[in-house]
Amino acid sequence: MPAASPGTTTATAATAERPEGDYAFDNDSPYATEQHRCLAAAHDAITTARLAETGVGPGWDCLEAGAGGGSVALWLADRTAPGGSVLATDIKPEHIPARPGLEQRRHDIVRDPLPDAAFDLVHSRLVLTHLPRRRAVLGRLLRALRPGGHLQLEEFDIDYAPVLLAPDERTRAGYEAFRAAKGRALRAAGADPAWGRTCAADLRAAGFTDIEPVPHLVPWTADSPGLRLQLHHTYHLRDALLEHGMTEDELLAARDAMRHPDFRAASCVLYCVQARRPE
Ligand SMILES: C[S@@+](CC[C@H](N)C(=O)[O-])C[C@H]1O[C@@H](n2cnc3c(N)ncnc32)[C@H](O)[C@@H]1O
């Protein structure tokens, strides 16, 4: 995490150019590298284990949409060599590493062209949740897959993540205030942070088949990568959290909760959903 000083964020950047919604985080933020590190630490094991079940291997052509720090794109590039390809896209792709077999591209999954029937596998994690036009994006991803091709999405439902044990009432209330304000801030930016629970139904409506949603929920302690990601969000989203009702005292109490060795919470639910384009 960058220095513990709160600083300012650029959470409202680019509003004018993005009428469809304003991504609440920002890869240009000084906090972005830590955001991507936390995401990979918390979720790559789940993501890659499930991706492996598709049989992805040498020669496969893959799209990683909204690749962020590129950790999953790198895994796919290793997996699809030799002879395969990975196109890793993002509206701000500067954090995606370069390497043979991995093409990095600046690309808006809502608006920019995608080739038809070009990919054996499309993966996207925690991207569509932020996009008001996420159902239209599902149609675009369907058409980008070859017949029989695989889609895997991971999306949160952040509305379930209760405190189970807090050191005291101040820290419990601070953590709950953080959860509520984060939900309001994300929704105000056009996200549906509970979309994980309806993602599978939307995939069916978009024309996908073989839809298999798997929910993941883990205990969170101060050492959990998932809770470190939440702590990070108290910095990355600081301005938005204050704008959406948190006080400075609650912010400090939430951080104290998440750093305390006695704190216990249930994680929010991460839905890992696989589907296929019909043959
Ligand atoms: C929460 S991060 C997730 C990053 C990565 N998928 C992961 O799970 O580690 C969301 C990513 O989606 C990107 N993004 C947001 N809106 C996008 C859009 N319309 N098209 C493509 N990427 C987008 C952001 O720049 C950011 O890198």
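If the condition is being of a type outside the set (Ser, Thr, Tyr), open to solvent by less than 40 Å² (accessible area, probe 1.4 Å) and closer than 18 Å to His232 by Cα, then the range 26-62 contributes Asp26, Asn27, Ala32, Glu34, Gln35, His36, Cys38, Leu39, Ala40, Ala42, His43, Asp44. Within the option set Arg179, Arg135, Arg197, being farther than 13 Å from Tyr271 by Cα, charged (D, E, K, R), in contact (Cβ under 8 Å) with a residue 24 or more places away in the chain and open to solvent by 40 Å² or more (accessible area, probe 1.4 Å) holds for one residue only, Arg135. Note on the range 125-146: residues that are of a type in the set (D, E, K, R), within 13 Å of the ligand (Cβ to nearest atom) and not in a helix (DSSP H, G or I) total 2.
Residue-level analysis places Gly66 outside the set of residues that are open to solvent by less than 30 Å² (accessible area, probe 1.4 Å), away from the ligand (no atom under 13 Å from the Cβ), modelled with pLDDT of 95 or more and out of contact with any Lys or Arg (no Cβ under 7 Å at 6 or more places or on another chain).
Would you confirm whether or not the range 88-108 contains a residue that is open to solvent by 30 Å² or more (accessible area, probe 1.4 Å), within 25 Å of Ile211 (Cβ to Cβ), in contact with a helix residue (DSSP H, G or I) (Cβ under 7 Å, 6 or more places away or on another chain) and without any contact (Cβ under 8 Å) to a residue 40 or more places away in the chain? No, there is no match, as no residue in the range 88-108 is open to solvent by 30 Å² or more (accessible area, probe 1.4 Å), within 25 Å of Ile211 (Cβ to Cβ), in contact with a helix residue (DSSP H, G or I) (Cβ under 7 Å, 6 or more places away or on another chain) and without any contact (Cβ under 8 Å) to a residue 40 or more places away in the chain. Residues of the range 78-98 that are away from the ligand (no atom under 11 Å from the Cβ) and either in contact with an Asp or Glu (Cβ under 9 Å, 6 or more places away or on another chain) or under 18 Å from Leu128 (Cβ atoms) (or both): Thr80, Gly84, Ser85, Val86, Leu87.
Considering only residues of the range 152-176 that are outside any helix (DSSP H, G or I) and either under 16 Å from Arg125 (Cα atoms) or free of Cβ contacts under 8 Å to residues at least 40 places away in the same chain (or both), which is most open to solvent (accessible area, probe 1.4 Å)?
Initially, the range 152-176 is screened for residues outside any helix (DSSP H, G or I), giving 152-168.
From what's left, either under 16 Å from Arg125 (Cα atoms) or free of Cβ contacts under 8 Å to residues at least 40 places away in the same chain (or both): 152-158, 168.
On the way: Gln152: 1, Leu153: 0, Glu154: 0, Glu155: 1, Phe156: 31, Asp157: 5, Ile158: 23, Asp168: 72 Å².
Checking each candidate, the answer is Asp168.
From the set of residues in the range 42-63 that are of a type in the set (Val, Ile, Thr) and more than 13 Å from the ligand (Cβ to nearest atom), which is farthest from His107 (Cα to Cα)?
Applying the first criterion (of a type in the set (Val, Ile, Thr)) to the range 42-63 yields 46-48, 54, 56.
Applying the additional criterion that residues be more than 13 Å from the ligand (Cβ to nearest atom) yields 54, 56.
Numbers: Thr54: 25, Val56: 24 Å.
Per the criteria, the residue is Thr54.
State whether the residues of the range 6-25 include one that is at pLDDT below 95, surrounded by fewer than 15 Cβ atoms within 10 Å (Cβ to Cβ) and more than 16 Å from the ligand (Cβ to nearest atom). Yes, the range 6-25 has at least one match. Just wondering, is there one or more residues in the range 110-124 that are in contact with a Phe, Trp or Tyr (Cβ under 6 Å, 6 or more places away or on another chain), near the ligand (Cβ under 8 Å from one of its atoms) and either within 30 Å of Pro30 (Cα to Cα) or in a strand (DSSP E or B) (or both)? No.
Look at (1) assigned to a loop (DSSP other than H, G, I, E, B); (2) in contact with a Leu (Cβ under 7 Å, 6 or more places away or on another chain) and you find that Cys62 fails only one, number (1).
The values are calculated or read from the model by the stated rules, or taken from the named source; none is laboratory data. None of these values were measured; they are calculated from a predicted model. Here Cβ is always computed from backbone atoms with ideal geometry, including for glycine, and neighbour counts include all displayed protein chains. Keep in mind that these areas ignore ligands, DNA and RNA; they rest on the heavy atoms of the full protein, side chains included. Shrake-Rupley method; radii C 1.70, N 1.55, O 1.52, S 1.80 Å.
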